[in-house]
1. Could you work out how far apart the two model spin labels at D167 and A152 are, taking each label as a point 7 Å from the Cα in the direction of the beta carbon, and quote it in nm?
2. Using helices alone, what [θ] at 222 nm do you get for the chain, with -39,500 (n - 2.57) per DSSP H run of 4 or more residues, divided over all residues and rounded to the nearest 500?
3. In sequence order, what are the phi-derived ³J(HN,Hα) couplings for the range 123-135 according to the Karplus relation 6.51 cos²θ - 1.76 cosθ + 1.60 with θ = phi - 60°, rounded to whole Hz, with x for glycine and proline?
4. Keeping all protein chains in the complex and leaving out DNA, RNA and ligands, what accessible area do you get for E13 with a 1.4 Å probe, in Å² to the nearest 10?
5. What Kirkwood radius, in Å to one decimal, follows from the Cα pairs of the range 1-139?
6. What residues qualify as long-range amide H neighbours of I8, i.e. H under 5 Å apart, gap of 5 or more or another chain, H built at 1.01 Å from N?
7. How big is the accessible area of K89 in square angstrom, nearest 10, if you roll a 1.4 angstrom probe over the protein chains?
8. What net charge is computed for the residues neighbouring F12, neighbours being all others with C-beta under 14 Å from the C-beta of F12, Lys and Arg scored +1, Asp and Glu -1?
Amino acid sequence: MAKLLIPISNGFEEIEAISIIDICRRAQIEVTIAALENLHTIGAHNIKIEADCMIETIKESDFDMIVLPGGLPNAFTLAKSEKIIELLKQFKEKNKNIGAICAAPFALHTADVLNTNYTCYPSFEEKIRLDGYQNSNQFVIDDKVITSRGPATAMNFALQIVEILKDKETSIKIKKEILA
């Protein structure tokens with residue numbers, strides 16, 4: 001079974017995190033939510049979620065992919081976390097899949113794992129870099145790094161993660177089941 005790591009901190013974007021978690025679990029992908037601050041984490045819109053574990057207990061070798069949801073201050077907290085930077089670098093070194101949505105590509109940039117082409121929440125490219133920024137696609141795949149724009153693109157981003165970790169048929173099946 002494919003294993004996906006979703007790190008979160010206070011101020012995470014709920015639609016992004018929950019869409020990815022839900023869609024991937026529907027596809028029989030084992031999803032682990034790892035908190036940076038407290039097991040009980042509060043999203044950007046005051047929705048509370050209980051993480052499965054703390055980030056300190058996580059090892060890259062236990063996962064096939066890491067995906068960072070956006071939201072503020074979550075994206076900045078992820079970018080400042082030594083553990084997240086270390087994990088991102090390990091995933092990159094092992095040629096594993098890395099994903100980020102909304103403002104979270106900023107953390108990929110900070111860890112120096114963002115490939116040439118990417119997308120993010122409009123205006124965050126100014127904090128990352130203009131070169132390679134694509135604003136017309138819901139998500140951008142550049143080798144093993146996938147990025148997406150924001151809350152409205154979260155469902156299609158999650159379905160693309162399913163295609164990456166499982167296969168296109170499973171992604172299409174889930175898409176039909178949720179009436180997307």
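1. Taking the two extended label points, one gets 3.4 nm.
2. -10000 deg cm²/dmol
3. Result, rounded to whole Hz: 4, 6, 4, 5, 8, 9, 5, 6, 5, x, 6, 10, 9.
4. 20
5. Across the range 1-139, the inverse of the average 1/r is 14.8 Å.
6. A34, A35, L36
7. So the heavy atoms of K89 present about 80 Å² to solvent.
8. -4
The values are calculated or read from the model by the stated rules, or taken from the named source; none is laboratory data. What you are looking at is a predicted structure, and each value in this text was computed from that prediction instead of being measured. Neighbour counts run over all protein chains shown; Cβ positions are idealised from the backbone, glycine included. Just the protein is used for accessible areas: all its heavy atoms, side chains included, with ligands, DNA and RNA removed. Shrake-Rupley method; radii C 1.70, N 1.55, O 1.52, S 1.80 Å.
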